[in-house]
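The values are calculated or read from the model by the stated rules, or taken from the named source; none is laboratory data. Values in this document were obtained by computation on a predicted structure and should not be read as measured data. Because the Cβ atoms are built from the backbone with ideal geometry, glycine has one as well, and the counts that use them run over all protein chains shown.
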């Protein structure tokens, strides 16, 4: 039996106690605060110098970027597939520690690499919890935080 339960109260009505099995309920005012406190430990973990150097260097900043986080939307970047797998392993280990679950079926990989003298899109093989992260099909793009990304970096699908 759970130790915590909630009830919903309206004018003249109260529900029977609803048990909370785990975490906080979506929409609970504590949910964002507790999530940020938990994810803060991940940010400290991945900011370690040994991991920070694995990111992709943008000439405009000259600092490696290996992680983008907005609430529970995460993007991992690296210049090499092996580094990306290493960062995913760290994220997976942390998620296990935090008792959070990575929904691999909701994730995807997108790869660009140099072949001969030109860049090509390819399908990286990244494994999380024994499952391959679904790759984006070549010639296709993906949305991240409402922005469309594709190999040609076309902006025609941006609203």
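Consider residue 17 against the criteria (1) surrounded by 11 or more Cβ atoms within 10 Å (Cβ to Cβ); (2) at pLDDT below 85; (3) more than 17 Å from residue 99 (Cβ to Cβ): it satisfies all of them except one. Which criterion is unmet?
For residue 17, the failing item is (2).
Would you point out the residue of the range 126-136, among those that are in contact (Cβ under 8 Å) with a residue 24 or more places away in the chain and in a loop (DSSP other than H, G, I, E, B), that is nearest to residue 38 (Cα to Cα)?
The selected residue is 129.
Residue 84: touching a strand residue (DSSP E or B) at 6+ places or on another chain (Cβ under 8 Å) and under 29 Å from residue 26 (Cα atoms), yes or no? Step through it out loud before you land on a result.
Working: touching a strand residue (DSSP E or B) at 6+ places or on another chain (Cβ under 8 Å): yes; under 29 Å from residue 26 (Cα atoms): no.
The answer is no for residue 84.
Which of the following residues is touching a strand residue (DSSP E or B) at 6+ places or on another chain (Cβ under 7 Å) and modelled with pLDDT under 90: 113, 50?
Result: 113 is the single residue among 113, 50 that is touching a strand residue (DSSP E or B) at 6+ places or on another chain (Cβ under 7 Å) and modelled with pLDDT under 90.
Going through the range 24-44 one residue at a time, which ones are in contact with a helix residue (DSSP H, G or I) (Cβ under 8 Å, 6 or more places away or on another chain) and either over 14 Å from residue 98 (Cβ atoms) or modelled with pLDDT under 80 (or both)?
24, 25
Can you confirm whether the range 33-43 contains a residue that is surrounded by 10 or more Cβ atoms within 10 Å (Cβ to Cβ), part of a loop (DSSP other than H, G, I, E, B) and either touching a residue at least 60 places away in the same chain (Cβ under 8 Å) or in contact with a strand residue (DSSP E or B) (Cβ under 9 Å, 6 or more places away or on another chain) (or both)?
No, every residue in the range 33-43 fails to be surrounded by 10 or more Cβ atoms within 10 Å (Cβ to Cβ), part of a loop (DSSP other than H, G, I, E, B) and either touching a residue at least 60 places away in the same chain (Cβ under 8 Å) or in contact with a strand residue (DSSP E or B) (Cβ under 9 Å, 6 or more places away or on another chain) (or both).
Of all the residues that make up the range 88-125, how many are assigned to a helix (DSSP H, G or I) and either surrounded by 12 or more Cβ atoms within 10 Å (Cβ to Cβ) or without any contact (Cβ under 8 Å) to a residue 24 or more places away in the chain (or both)?
Residues of the range 88-125 assigned to a helix (DSSP H, G or I): 88-97, 104-106.
Remaining after also requiring either surrounded by 12 or more Cβ atoms within 10 Å (Cβ to Cβ) or without any contact (Cβ under 8 Å) to a residue 24 or more places away in the chain (or both): 88-97, 104, 106.
Qualifying residue count, the range 88-125: 12.
What number goes with the only condition from (1) touching a helix residue (DSSP H, G or I) at 6+ places or on another chain (Cβ under 9 Å); (2) within 30 Å of residue 44 (Cβ to Cβ) that residue 146 does not pass?
The number of the failed condition is (1).
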